[in-house]
Amino acid sequence: MITWVLGRGGLVGSSVEAKLLNRSSVWVPESPIQWGDQSIFEESFKQAFTQFIEHISHEDWAILWCAGNSVVSSSLGDLQREGKSIMFICSQLSLLPKSLQSRGILSFTSSAGGVYGGSTGTIFSENTIPQPINDYGLAKLKTEQQLIDFAKYTNIKVAIFRLANIYGPNQDTGKPQGLISAITHSLLYHKPVNIYVPLQTVRNYIYADDVGEVIARCVTRLSTDQKSNTCLKLVASDRNISLSSLINEFGLVYGHRPMVVNTVSRVAVKHPINLRLKSVINEPFDNFSFTPLAVGISRLKTKYLIGIGSFHQTKSE
């Protein structure tokens, strides 16, 4: 199988591509995709897409969308732009001959927190009815449904991955992304970290390498599945944890707890208190072990320390 990861420079994309290297032939376009203006994106994608189709010949293939950079606070325009980009990709794929479509997979990374924000229950799985509570979640769920419909009227298989909170050493050390990265940044620079939701808030944190492994396994399995043309997988670790317990984990790794300023703000109502996640799809994960949270935090600490050292060395030179 030949795979093409869109967003290969990001936290998720780089992890997915690394895990696909052992399972497929990873293809990279001659010129990187331009992600700014929509028209520029479409033109650059069309050029790369033409090269990709020429390259795959008669082999199975997969295009994996890992390029989403929207968050809960993103504007409606930014959210719509991501959706337009996905639909443009679908429009190009729909032009392919049926014989070529039948060998292909299109995957999309969605958001578990986004689509389950208002869902009912104590633990959320693939069987949970999605209930977004903001534009971000609505946009993700809309794109999911569009892709499911796309799989129905084409011969292309679709894989949708609802991701928990991701962290890892490939995050931008100069721009903290996510709570774990923010706490790491605060500890290494001896600054307080602001948390705007209650400390009893429960979330699921998954190490980026684990995300890459799960997605790579699912896409590989779907390529040989003769019965299914879609796959919906919740990508979450085996541990749900409160923010207060997460802070304690940092204390174990660093030897002291971070300085936390906990001020519950009005934006907290946009975030559910209890978002416990558990995937009920076990195949092909019988022999898979998730990275323990303390191990992941320690690796992130090491990467940050290297980044700090490089910064001071460059500054002195």
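Numbers below:
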read-out	value
Mean Cα-pair separation over length for the chain, i.e. relative contact order, pairs under 8 Å, 6 or more apart, %	20 percent
Förster radius 30 Å - calculated FRET efficiency between Val264 and Ile148 (Cβ-Cβ, nearest 0.05)	0.20
Formal net charge of residues neighbouring Phe41 (Cβ-Cβ distance under 11 Å; K, R +1; D, E -1)	-1
Pairwise FRET efficiency - Phe88 versus Ser57, Cβ, R0 = 30 Å, nearest 0.05	0.80
Whether the range 113-168 is rounded, prolate or oblate, judged on the alpha carbon gyration tensor where a/c under 1.5 counts as rounded	prolate
Inter-label distance for Ser242 and Ser298, nm, one decimal - labels placed 7 Å from Cα along Cα-to-Cβ	2.6 nm
Debye, to nearest 20: dipole size of the chain, +1 on Lys, Arg Cβ, -1 on Asp, Glu Cβ	720 debye
Under 13 Å, Cβ to Cβ, from Glu17 - net charge with Lys/Arg +1 and Asp/Glu -1	+1
Violating pairs (Cα-Cα greater than 22 angstrom) within the set Lys233/Lys303; Lys140/Lys227; Lys84/Lys157; Lys19/Lys303	Lys233/Lys303; Lys140/Lys227
Sequence of Lys233, Lys301, Lys227, Lys98 when ordered by accessible area, the most exposed leading, probe 1.4 angstrom	Lys227, Lys98, Lys301, Lys233
Cα-based Rg / Dmax (Å) for the chain	20.0, 61
Formal net charge of residues neighbouring Asn240 (Cβ-Cβ distance under 12 Å; K, R +1; D, E -1)	+3
Per-residue HN-Hα couplings for the range 106-120 [Karplus 6.51, -1.76, 1.60; θ = phi - 60°; Hz; x = Gly/Pro]	10, 10, 9, 8, 9, 10, 5, x, x, 7, 9, x, x, 5, 9
Mean separation of Cα contacts under 8 Å (6+ apart) over length of the range 1-83, as relative contact order %	41 percent
Span-rule helices in the chain, defined as complete DSSP H runs reaching 15 Å or more along the axis (Cα) with Kyte mean at least 0.5	243-254
Surface accessible to a 1.4 Å probe, Ile40 within the full protein complex, Å²	90 Å²
Volume per residue of the C-alpha convex hull in the range 1-82, rounded to whole Å³	95 Å³
Separation of the Thr230 and Lys98 label points, Cα + 7 Å toward Cβ, nm	2.1 nm
Values of log10 I(q)/I(0), in the order q = 0.11, 0.14, 0.15 Å⁻¹, for the range 147-275 under a Debye, Cα-only, solvent-free model	-0.52, -0.75, -0.81
Computed [θ] at 222 nm, deg cm²/dmol, the chain (DSSP H ≥ 4; -39,500 (n - 2.57); rounded to nearest 500)	-14000 deg cm²/dmol
Asp37 accessible area, assembled protein chains, probe 1.4 Å, Å²	80 Å²
Residues listed by number, the range 75-106, amide nitrogen under 16 Å from Asn134 label point at 7 Å toward C-beta	75-80
Selected from Ala294, Ala67, Ala208 as most flexible by GNM, with the chain as the system and alpha-carbon contacts under 10 Å	Ala294
Estimated inter-spin distance, Ile123 and Asp286, nm [label 7 Å along Cα→Cβ]	2.1 nm
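The values are calculated or read from the model by the stated rules, or taken from the named source; none is laboratory data. Predicted, not measured: the structure shown is a model, and the values here were computed from it. Note that we place each Cβ from the backbone using ideal geometry, even for glycine, and neighbour counts take in every protein chain shown. Side chains are part of the model used for accessible areas, which takes the heavy atoms of the whole protein and leaves out ligands, DNA and RNA. Shrake-Rupley method; radii C 1.70, N 1.55, O 1.52, S 1.80 Å.
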